[in-house]
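Comments concern the structure below.
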Amino acid sequence: MDQVVRSAKTAGDTIVAGSTDRPIYDYDAEYRRLRAAGLQGWAGSQRERNVARMAETLDRLERETFPRPPATVLELGCGNGMSSALWMAQKGYEVHGVDISATAIAWAEQQFAEAALYGSFRQGSVCEMPFFPEVFLMS
């Protein structure tokens, strides 16, 4: 049976009790597993197909809707930064991301540094973000 917590707030790698019932999912453990398996992120063998589809959608949105680079963008639930955050940084956007997993954030920072891209990533809840004082045009 799933363990139930009252609101997911993080304290390092653990989730502690708060106010609403929901099952715990250990995102840090999942990101550690993905890294150890040499995978680039979620979706396993479907990742490349999913990233290609996402890039097609983002390309269309950039043509039709998005502000032009170097607009500042925030990705909520950015994970390891290797999907839309990466695409946006490669296009010249100023990228910021937030994710509940500290492991994912460290991975994003490492991969952006290795690719010589700038990205600002923070670990935390997308429901409580006092740590981004910037104004974002897209999130």
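Computed quantities for the displayed model
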{"read-out": "Residue-span extension gain [GLU64 to ALA29] - 0.36 nm each, minus C-alpha spacing", "value": "8.8 nm"}
{"read-out": "Residues listed by number, region 72-111, amide nitrogen under 17 Å from GLU56 label point at 7 Å toward C-beta", "value": "84"}
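No value in this document is a laboratory result; all are computed from the given coordinates. Here the structure is a predicted model, which means the values were calculated and not measured. Reconstructed Cβ throughout: ideal geometry from the backbone, glycine too, with neighbour counts over all protein chains shown.
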